[in-house]
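The values are calculated or read from the model by the stated rules, or taken from the named source; none is laboratory data. This is a predicted model, so every value here is computed, not measured. Backbone-built Cβ (ideal geometry, glycine too); neighbour counts: all protein chains shown.
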């Protein structure tokens, strides 16, 4: 496993990160406690030390389950969680709510500090709230030793960049921005690097869109695109090519991001991803990647 160090910290995280959102049962196939426990053990045994979660996932269920299932292992891993989003349309970046959220997370994970805390999905609130209330308060908590690193998360890279230009943060977390469908993160990477900000890329499968059986009903992609991907996946399957494998390996081959978060929905999926991680892209797959990207765009 390759580990990357967050600038200006002693935080070293695995480039293959464990996305814990599926523990909130937000995808098609709920995951049992027993299977989730196996996933966590297998991940740690294979060198994955970075776990990401949020109070929003499953209305607190994912964070609670991850904390319970990690148990004493919690102190051995690099943990990121989030503040500000607590429901589909429920956002609260007030100082009181941030304090409540941070203390709740600390208690859940039996920790004295959190490694990384993100302001969650900042594109849905006024930037002024993030710049003048949320981030300054997280800085205060960081100075108190309750947090080691702070960041912002969301989908639109232009909004993340605009906030990052105005406030000194440690890192950004975006999702579905370096996949077979979209490579926008590459365009913004140098901009973030000039600001001294690291990036974390989540969801190489584009929130399940690039999987055969786990694209959730709430996925924002159009029906036409979803149908197109299914047809493409079936066509490549007939040729002996797994679109999921290519999607995973293509994203993980991008080395500019500090880590790539993969939502772990089953033990079988995790073992498959670990095998793909250990297997480099062969020339046959490399030759097909650009063709696949062209067909998807």
statement: Counting only residues in the range 253-297 that are modelled with pLDDT under 90, in contact with a helix residue (DSSP H, G or I) (Cβ under 8 Å, 6 or more places away or on another chain) and in a helix (DSSP H, G or I), the one surrounded by the fewest Cβ atoms within 10 Å (Cβ to Cβ) is identified as 295
- prompt: Does at least one position in the range 179-198 carry a residue that is surrounded by fewer than 22 Cβ atoms within 10 Å (Cβ to Cβ), in contact (Cβ under 8 Å) with a residue 60 or more places away in the chain, out of contact with any strand residue (DSSP E or B) (no Cβ under 7 Å at 6 or more places or on another chain) and under 21 Å from residue 265 (Cβ atoms)?
  reply: yes
field: Residue within the range 59-70 that is under 17 Å from residue 22 (Cβ atoms) and part of a loop (DSSP other than H, G, I, E, B) present
entry: yes
task: Could you run through the range 1-36 and say how many residues are over 30 Å from residue 195 (Cβ atoms) and either in a strand (DSSP E or B) or touching a residue at least 12 places away in the same chain (Cβ under 8 Å) (or both)?
output: 12
statement: Those residues of the range 119-146 that are outside any helix (DSSP H, G or I) and buried (at least 23 other Cβ atoms within 10 Å of the Cβ) come to a total of 2
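Check 86, 3, 57 and return the single one that is more than 23 Å from residue 168 (Cβ to Cβ) and at pLDDT below 95.
The conditions single out 57.
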- line: residue 234 passes all but one of the listed conditions (1) over 17 Å from the mean Cα position of the chain (by Cα); (2) more than 26 Å from residue 118 (Cα to Cα); (3) assigned to a loop (DSSP other than H, G, I, E, B); the exception is number (3)
